[in-house]
Amino acid sequence: MKYHTLIRQALIIDGSNTPGYVADVALREGRIEKIGDLSQDTAEHEIDATGRVLAPGFIDVHTHDDTVVIRHPQMLPKLSQGVTTVIVGNCGISASPVSLRADPPDPMNLLGKREAFAYPRFADYRAAVESAHPAVNVAALIGHTALRSNHMDDLHRTATPGEITAMRAQLQESLADGALGLSTGLAYASAFNAETDEVLQLSEELTAFGAVYTTHLRSEFEPVLEAMDEAFQIGRHARAPVIISHLKCAGAGNWGRSPQLLASLEHAAKTHPVGCDCYPYAASSSTLDLKQVTDAFRITITWSTPHPEMGGRDLQDIAAEWAVPLMDAARRLQPAGAVYYGMDETDVQRILAHPLSMIGSDGLPEDPFPHPRLWGAFPRVLGHFSRDLGLFPLHTAVHKMTGLSAARFGLAERGEIREGHWADLVLFDPLRVRDVADFKEPQRAAQGIDGVWVNGVLSYSDGQPNGQRPGRFLARSGDLRKGFAAL
């Protein structure tokens, strides 16, 4: 038998959270054709993978790559760390369906300037992704704040019944066109004043489609447990799975509370499909939010529209140079972006290791001085947390980035190395793989990623992309509740 590609003698960690085994893997027509002893077979392309791990391509469940997959479809920050699928539209902000009347409100400006929002219907966005031929697969959520911006003249209030009806219609149309579900970012000023009832009504559109509800909680600080309860209430009302975005204990006063948060998650999971994602760092990054300005921990400015020269500098130093209080300096810098060193490493590790957590980068590709998670999140889990610290075995690390993620988001025939599945694969050296990006030099490719295949096409090897862009748009496939039930 002659195949297109034969990967020989790899340690296959298949994404199912079971230990690896050595075998050959044959690819043909974009899929995994055969797994086993294929020593008698040949292929156009053969790779000796002795001493390497072959895993499913990583699924970045929490991205803000909505517009960059179209404008910069090579997607090097993701491809270089073994990511083959990105889920966009998180935290209530999505590129579609959006019709802006002015500049994008905070935090939608994380996705780009006004001209980046050119997709008044979700079908327009889907078509644009397909036309762009990105290097990775793309699946998409619909942002609550995006819907609000289409129909409300003032985002600092709750929506009227008429506005909710209009938002529901857009959400329903988007779900029919293949969106995964609804995301909210209730912590942000542009959605904070939305009453729970507004989201409850919108969430009713998820029920018929078996779609998912993901949320950047209304608070990740002291009222975080109440915010989690609100999320679970919305999910139960809609009979929709709930995924809490980047679960964390934010703010120095909140450090050490991760057991409470995880107990709340576990309790909810007994009667309803719930989970969370997290990124493997004790620092967050977003727009510069006055509610988060404090002297209790370090804050670094990543960009500033009125003062671009301050990018990369600490807020404390800027305030001292200007001889003004911290809050005045923050106001003067806005609109701006920031990295907040506001978490405790023990909490991060506890959440990261929990069986209900997946890995998402939450990277910000538009940021000129991005958090290193944009380039390093997945290798950091494999190298630093699994190999070096022993937080969990390698097969569990891979599962949190692949099989678990594919099941939660209904990405059919992806996330596991199985015959007949799509050949989204990453080959890496378990001894060398590590994140190189850091807070001083955040835009650096990981080490130890030897090959990345997307839909059977080798797209990255020997530390370089080869220009291939075989990614596809992945529409929601079936009822996402079934994926949770199968876990």
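The values are calculated or read from the model by the stated rules, or taken from the named source; none is laboratory data. Please read all numbers here as calculations on a predicted model, not as lab measurements. Positions of Cβ are generated from backbone atoms using ideal geometry, with glycine treated the same way; all protein chains shown enter the neighbour counts. Ligands, DNA and RNA are excluded from the accessible area calculation, which covers all protein heavy atoms including side chains. Shrake-Rupley method; radii C 1.70, N 1.55, O 1.52, S 1.80 Å.
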With the condition kept exactly as written, say whether any residue in the stretch 27-45 is aliphatic (A, V, I, L, M), outside any strand (DSSP E or B) and within 31 Å of the chain's Cα centre (by Cα). no
When the stretch 17-29 is checked residue by residue, the ones that are surrounded by fewer than 17 Cβ atoms within 10 Å (Cβ to Cβ) and not hydrophobic (A, V, I, L, M, F, W, C) are THR18, PRO19, TYR21, GLU29
Checked against (1) part of a helix (DSSP H, G or I); (2) more than 26 Å from ALA123 (Cα to Cα), GLY235 satisfies every condition except (2)
Identify the single condition in (1) within 20 Å of ASP362 (Cβ to Cβ); (2) crowded, with 24+ Cβ neighbours inside 10 Å; (3) not β-branched (Val, Ile, Thr) that TRP453 does not satisfy, given that it satisfies every other one. (1)
Test: PHE192 is open to solvent by 50 Å² or more (accessible area, probe 1.4 Å), touching a His at 6+ places or on another chain (Cβ under 9 Å) and either closer than 18 Å to SER149 by Cβ or of a type in the set (Phe, Trp, Tyr) (or both): yes
Check whether at least one residue in the stretch 312-329 is in a loop (DSSP other than H, G, I, E, B), within 30 Å of ARG432 (Cβ to Cβ) and open to solvent by 10 Å² or more (accessible area, probe 1.4 Å), and report yes or no. yes
For SER361: the one exception among (1) buried (at least 18 other Cβ atoms within 10 Å of the Cβ); (2) out of contact with any Asp or Glu (no Cβ under 8 Å at 6 or more places or on another chain); (3) at pLDDT 95 or above; (4) assigned to a loop (DSSP other than H, G, I, E, B): (2)
Considering only residues that are among the basic types (Lys, Arg) and in a loop (DSSP other than H, G, I, E, B), which ones fall in the stretch 71-127? ARG101, LYS113, ARG121
What pairs come out if I take residues in the stretch 133-149 that are in the same structural domain as THR214 (by the TED database) and pair them with residues that are part of a helix (DSSP H, G or I) and among the charged types (D, E, K, R) whose C-beta lies under 6 Å away, six or more apart or interchain? VAL136/LYS78
Residues that are among the hydrophobic types (A, V, I, L, M, F, W, C) and at pLDDT below 95: does the stretch 409-416 have at least one? no
Kindly provide the set of residues from the stretch 330-345 that are open to solvent by less than 30 Å² (accessible area, probe 1.4 Å) and touching a Leu at 6+ places or on another chain (Cβ under 7 Å), ordered by number. ALA330, LEU333, ALA336, GLY337, ALA338
Options SER174, SER190; residue that is of a type in the set (S, T, N, Q) and within 28 Å of ASP424 (Cβ to Cβ): SER174
Sort out which residues of the stretch 84-135 are surrounded by fewer than 23 Cβ atoms within 10 Å (Cβ to Cβ) and within 27 Å of ASN466 (Cα to Cα), and write them in order of number. GLY112, ALA116, ARG126, ALA127, ALA128, GLU130, SER131, ALA132, HIS133
What about THR18, is it assigned to a strand (DSSP E or B) and modelled with pLDDT of 95 or more? no
Would you confirm whether any residue within the stretch 50-64 is assigned to a strand (DSSP E or B) and open to solvent by 40 Å² or more (accessible area, probe 1.4 Å)? no
May I ask you to list pairs of residues, at least six apart or on different chains, whose Cβ atoms are under 9 Å apart, with the first in the stretch 225-245 being among the basic types (Lys, Arg) and the second being modelled with pLDDT of 95 or more? ARG236/VAL242; ARG236/ALA268; ARG236/THR271; ARG236/HIS272; ARG239/LEU206; ARG239/THR207; ARG239/GLY210; ARG239/HIS272
Any chance the stretch 282-292 includes a residue that's of a type outside the set (A, V, I, L, M), within 30 Å of LYS400 (Cα to Cα), under 22 Å from the mean Cα position of the chain (by Cα) and crowded, with 23+ Cβ neighbours inside 10 Å? yes
